[in-house]
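To keep things clear, I will list the structure first and then write my remarks on it.
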Amino acid sequence: MYERVLVPTDGSPGMDSVVAHAASLASVHGATLDFVYVVNTAAFANLPMETSWEGLSSTLRDEGEAALDAAAEAAGDVPHERHLLEGGPSREITAYAERSGADLVVMGTHGRGGIDRILLGSVAERVVRSSAVPVLTVRVAETDDGDEEAATAETSTDDA
């Protein structure tokens, strides 16, 4: 049923559980995992001209590579590929899912609600709403010590 499973990562601590969930699905189906990290260049469009884009870009790319390293490590022996993209995260994730032939997107959601969701937005929510590819969201909950861990999984095929 699944041959390619796309797993966007942001490098947050809860991603290990999200990757483990995706790796388990991939193992059962003999699928390949596609790990994607999106350097959010859209957020830096309004930086002052004095800002060194090269230095900032390098730092953000390094963070992306570290996130992809962590995802690859968490996947264990499951076949995977790594992709570092640039642009708006939700747009790049949905575009990559379609052009790569992904059968499923598995991604974490931080479960923000209320004003946090309104102010910060939700990449997962935008992907669920715009993706032509089915999306499985794994809720990443905050623990008492402030770390995040994957708590539950929900599947959505809503492409409205």
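Of the candidates Gly108, Gly76, the single residue that is exposed (fewer than 15 other Cβ atoms within 10 Å of the Cβ) and in contact with a helix residue (DSSP H, G or I) (Cβ under 8 Å, 6 or more places away or on another chain) is Gly76. In the stretch 15-42, the residues that are in contact (Cβ under 8 Å) with a residue 60 or more places away in the chain reach residues that are of a type in the set (Ser, Thr, Tyr) with C-beta atoms within less than 8 angstrom, at least six apart or across chains, in these pairs: Met15/Thr9; Val18/Thr9; Leu25/Tyr2; Ala31/Tyr2; Asp34/Tyr96; Asp34/Ser100; Val36/Thr9; Val36/Tyr96.
Tell me, yes or no, whether the stretch 78-87 has at least one residue that is assigned to a loop (DSSP other than H, G, I, E, B), closer than 20 Å to Ala26 by Cβ and modelled with pLDDT under 95. Looking for residues that are assigned to a loop (DSSP other than H, G, I, E, B), closer than 20 Å to Ala26 by Cβ and modelled with pLDDT under 95, one finds none in the stretch 78-87, hence no.
The values are calculated or read from the model by the stated rules, or taken from the named source; none is laboratory data. What you see is a predicted model; the values in this text were computed from it and never measured. Note that we place each Cβ from the backbone using ideal geometry, even for glycine, and neighbour counts take in every protein chain shown.
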